[in-house]
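Structure, as C-alpha cells:
The values are calculated or read from the model by the stated rules, or taken from the named source; none is laboratory data. This is a predicted model, so every value here is computed, not measured. Note that each Cβ is placed from the backbone with ideal geometry, even for glycine, and that neighbours are counted across all protein chains shown.
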Ligand SMILES: [Zn+2]
Ligand SMILES: [Zn+2]
C-alpha cells in the first residue's frame, strides 16, 4: 500500500483503508515458520503537526513449528501498529527528539510504500520460541518420543556428574 506523506501531513485523512500484503519473506527468514497466509491490514492515517501518523491492525495466519515437540500448528497473529513519518528536509540534521519515544521515520519521498513497515510489525511479533501449547512436554531427549503423545518412561532427570561430586562433598 502506498501513501502520500505530504498530503497526510497537509490534512488528508485516511480512514479504515483495507490493504493486503505478501509476507512470504517471513517464511524465508524464520526457520520456525512453515507457511504464512497473505496479511490483511486496516490503515488509518492523519497529520499530526509535522508528522504523518499511520496506525491500524494487521492480521495473518502462520503455520509454526513448536520449538519443543517440532509439531506444526496454526498461529493466528493480530498486531496493532503505529508508525510516524516525517519528510526529510534537504540539508536539515535529523533531529533526535529525545522526549518523544516514538519511532519517527524520516522519508525523502512524498509517496512511500507502507508494506515494509507493516511487514516489520509482523516480523517482530513472530514468536522466537513458538509453543504448540503452553504446557507442551516436548520430545524425550533420550529416545525422541513425543511426550505429549506417549510416556516413554525414560529416565531423563539425571544429576549432572559434576553436581554429584559436589553433593558427595557436602554429604561428608
Ligand atoms: Zn509442542
Ligand atoms: Zn524416551
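Which fully enclosed strands (runs of 3 or more DSSP E) of the range 1-55 have 2 or more residues being under 30 Å from residue 132 (Cβ atoms)?
The qualifying strands (runs of 3 or more DSSP E) are 14-21, 33-36, 39-48.
Are any residues in the range 23-47 closer than 30 Å to residue 86 by Cα and in contact (Cβ under 8 Å) with a residue 24 or more places away in the chain, and if so, which ones?
23, 25, 26, 29, 39, 41, 42, 43, 44, 45, 46, 47
Within the range 138-152, can you find the residues that are part of a loop (DSSP other than H, G, I, E, B) and within 10 Å of ligand 2 (Cβ to nearest atom)?
140, 141, 142, 143, 144, 145, 147, 150, 151, 152, listed by residue number.
In the range 108-127, what residues are exposed (fewer than 15 other Cβ atoms within 10 Å of the Cβ) and more than 18 Å from residue 76 (Cβ to Cβ)?
Hits for the range 108-127 are 108, 109, 110, 111, 113, 116, 120.
Which residue is modelled with the lowest pLDDT, if the candidates are limited to the range 55-91 and must be exposed (fewer than 15 other Cβ atoms within 10 Å of the Cβ) and out of contact with any strand residue (DSSP E or B) (no Cβ under 7 Å at 6 or more places or on another chain)?
Once the filter is applied, the top-ranked residue is 91.
Residue check, residue 69 against (1) more than 30 Å from residue 134 (Cα to Cα); (2) part of a loop (DSSP other than H, G, I, E, B), all met but one. Which one?
Of (1) more than 30 Å from residue 134 (Cα to Cα); (2) part of a loop (DSSP other than H, G, I, E, B), only one is false for residue 69: (1).
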